[in-house]
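Scroll down for the structure; my scribbles are underneath it.
Just so it is clear, none of the values below were taken in a lab; they were calculated from the coordinates. Everything numeric in this text was worked out from a predicted model, so none of it was measured. Glycine gets a Cβ as well: all are built from the backbone with ideal geometry, and neighbour counts include every protein chain shown.
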Amino acid sequence: MKTEEKLNMTMLCDFYELTMGYGYWNSAYKDRITYFDVFFRDVPDKGGFAICAGLDQIIDYIQDMHFDEEDIAFLRSKKLFSEDFLEYLRNFRFTGDIYAIPEGTPIFPREPVLTVRAPAIEAQLMETFLLLAINHQSLIATKSNRIVRAADRRTVLEFGSRRAQGVDGAIVGARAAYIGGCKGTACTISDELYGVPAGGTMAHAWVQMFDDELEAFKTYCRIYPHNATLLVDTYNTLQSGVPNAIRAFNEVLRPMGITKCGIRLDSGDMAYLTRKARKMLDDAGWTECQISASNSLDEHIIQDLLRQGACIDMFGVGERLITARSEPVFGGVYKLAAVEDENGTIIPKIKISENVDKITNPHFKKTYRLYDRETGKAEADYIAVYDEVVDDTKPLELFDPRATWKRKTLTNFTARPLQVPIFRNGELVYQRPTLQEIQAYCAREVDTLWDEVKRFDNPHNYYVDLSQKLWDIKQELLRKKK
């Protein structure tokens, strides 16, 4: 039996992907080129947009796609697959194309986040991993971005490893939180693997370990004079914690000429306590001492604390970030959009449902983001057929698919394709940015959105429209399927 350290992620697939793959193998669809889209239908927390993340892990997964001898033996034991098919899997590698929206990009419902063009078996086998990577990391990056925006330029750190849903949830969750705007994490291994800055100071156990709170603080200041953040709520925040912190700073740091330090609160009425603590610190001359707060925070609590005048410089956010507790499912799906016939002609495919939201957009598509030339703000996304080019020298009329009577005409705009090539013929062609570059890019792109789209309550519906050509193709397919 394989240990967790030796898991082959190619086997992280729903079993029906293997049974369908074998079905394609035994039919005329074995080598049929297919087009699958990853997209999502609703923004978590009823927000105005989401943040794309997870592509880097997908690249690693695709480059390592294979079936080893243990996997072949296991599949043989199921007594469902022929030896010819198992031999095909033994020599399996990805040979197709991948197009994707770069990590850190704001994304909207129903637009392709990632598109796979590949033989049917290859495209089918990767469904589960593509979805779990994008769904999980986009969920956490989106939640992180909401929390960071609520903090209004104050530092936010990810503190949630111990409450994450599994090992991977903690490790790549910290990565996704960093993309969304967190400045660091408490998760050491995420720093080692991805370069998410890890840091930390003390827990209540440190203070409890000593017979005296003041001695606990002074000892810590002596060991970490340039990183002295003291947890002041172990016993009584205002009567002992903050006064003892001030005394430790005075007796240990001040003689060294150190003026930068911090205190952290993990309980109590944060608005009241931080205001009182700020005054005590300032009156004692420790105006550069930063106040950090933690304890079951999210974007709404942070926003309320700041409205109440809380004096907080840094937020440590744990379980409600790393689990996206308020809405812990992203809901991305993987749907067939087109196939190629024997002559290479692309034939659009559509999925129809009585639930209108589940009717898919057919064909191999290209999505453009349209920016106002004067303001630089994103005005709309425009989904077109793959061979269409947006002429930004001519007016473009759009309508909101969720309210078809709402129309909008753009006249002074630029158009940028959102998806970029990642793999061509199975070979990586994408220059992978650093995590720090992804975070900076995310901040810039979020800044292009209007405040009305970014607000938490009843955000403005951002336009995501179909080109007339794509709309006509979709309507024709719907008519034929009646």
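Details
- Residues whose placed amide H lies under 5 Å from that of Glu379, excluding near-sequence neighbours: Leu370, Tyr371, Asp372
- All other residues whose Cβ lies under 13 angstrom from that of Val232 are scored, Lys and Arg at +1 and Asp and Glu at -1, for a net of +1.
- Tensor-based shape of the range 350-482 (alpha-carbon gyration tensor, a/c under 1.5 rounded, otherwise prolate or oblate): oblate
- Most tightly packed first, judged by the mean number of other beta-carbon atoms within 10 Å of their residues, the peptides 376-385, 409-418 read 376-385, 409-418.
- Antiparallel bridge percentage (DSSP; both residues within the range 226-369; nearest 5): 25 percent
- Relative contact order of the chain, taken over Cα pairs closer than 8 Å and 6 or more residues apart, is 20 percent.
- Net charge over other residues, Cβ less than 12 angstrom from the Cβ of Tyr99 (K, R count +1; D, E count -1): +2
- As a length-normalised measure over Cα pairs under 8 Å and 6 or more apart, the relative contact order of the range 379-482 settles at 40 percent.
- Share antiparallel - DSSP beta bridges, the chain, percent rounded to 5: 70 percent
- Sequence of Asp313, Asp31 once ranked by neighbouring C-beta atoms within 10 Å, starting from the fewest: Asp31, Asp313
- Among (i) 27.6; (ii) 24.1; (iii) 22.2, the entry that matches mean projected area of the Cα convex hull in nm² as calculated here: (i)
- Dipole moment magnitude, nearest 20 debye, the chain about Cα centre, only Lys, Arg, Asp, Glu C-beta charged: 1080 debye
- Using θ = phi - 60° and Karplus 6.51 cos²θ - 1.76 cosθ + 1.60, couplings along the range 234-242 (whole Hz; Gly, Pro as x): 5, 10, 9, 4, 8, 8, 10, x, 5
- Computed from phi, the 3J(HN,Hα) profile of the range 249-258 under the Karplus parametrisation 6.51, -1.76, 1.60 (θ = phi - 60°) reads 4, 5, 7, 10, 7, 4, x, 8, x, 8 Hz, with x in place of Gly and Pro.
- Farthest positive-ward along the range 293-448 dipole, Cα basis, beta-carbon charges - from Val390, Ala293, Gly318: Val390
- Helix-only [θ]222 nm of the chain, DSSP H runs n ≥ 4, -39500 (n - 2.57) each, per residue, nearest 500: -10500 deg cm²/dmol
- Kyte-Doolittle mean at least -1.0 and Cα axial length at least 27 Å: DSSP H helices in the chain: 127-150
- When each of the peptides 324-333, 138-147 is scored by how many other beta carbons lie within 10 Å of its residues on average, the order from highest to lowest is 138-147, 324-333.
- Distance in nm between pseudo-label sites at Arg307 and Ile72 (7 Å out along the Cβ direction from Cα): 6.3 nm
- Each Cα pair under 8 Å and six or more residues apart adds its sequence gap; the mean of these over the residue count of the range 107-255 is a relative contact order of 15 percent.
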